[in-house]
1. Please list, in chain and number order, the residues 5+ apart from Gln89 or on another chain whose amide H is under 5 Å from its amide H, with Hs placed from the backbone.
2. Within a 10 angstrom radius of the beta carbon, how do Tyr50, Tyr131 rank from fewest other beta carbons to most?
3. Find, among the trypsin sites (Lys or Arg not before Pro) in segment 1-98, those assigned to loop by DSSP (not H, G, I, E, B) with at most 15 other beta-carbon atoms within 10 angstrom.
4. Using θ = phi - 60° and the Karplus curve 6.51 cos²θ - 1.76 cosθ + 1.60, what whole-Hz ³J(HN,Hα) does each residue of segment 51-56 get, with Gly and Pro shown as x?
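Read-outs: derived from the displayed coordinates by stated rules, not from any lab. Owing to the predicted nature of the structure, the values given are computational and were not obtained by experimental measurement. So basically every Cβ, Gly included, is an ideal-geometry build from the backbone, and we count neighbours across all protein chains shown.
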Amino acid sequence: MRILAVDPGEKQIGIAVSDPTGTIASPLTVIHHVSRIMDAARIADLANEYQVGLIIIGKSYDEDGLPTPSSRRAGRLAEAIRQQSSTPQKMWDESFSTQDARQAQIQMGTARRKRHGHLDKLAATVILQSYLDSNINK
């Protein structure tokens, strides 16, 4: 089963998708934020286009394990997606996914000048791979 991951941001939303076996995550695209409803419609379209069986939505927590303001925005986006798609959803801890994506670029040897910019697709990929790895034996 293919799985789609969403890294919600204020200006951009990173999207990643798994392979058909649900083993490997790959970056897919970045959606530039317009409105919650339009963003949700685009995500629902991608879920349909890639025939995914599950949508993972990143949700961040603070150091005390409490939801952050961005996680509340993620929850509202999840609700908007739910209204536009029948694909099941699951919220997943995305804390530090952007930092992990940046570190992955460094480990891959990406030149410093090419690391500049947004990491939204890669952060979505980190979120999705984290989910896939945690569910590998289930």
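1. HN-HN under 5 Å from Gln89: Ile55.
2. Going from sparsest to densest Cβ surroundings: Tyr50, Tyr131.
3. On the way: sites: Arg2, Lys11, Arg36, Arg42, Lys59, Arg72, Arg73, Arg76, Arg82, Lys90; in loops: Arg2, Lys11.
Of the trypsin sites (Lys or Arg not before Pro), the ones in loops of segment 1-98 whose Cβ has at most 15 other Cβ atoms within 10 Å are Arg2, Lys11.
4. 6, 7, x, 7, 10, 9
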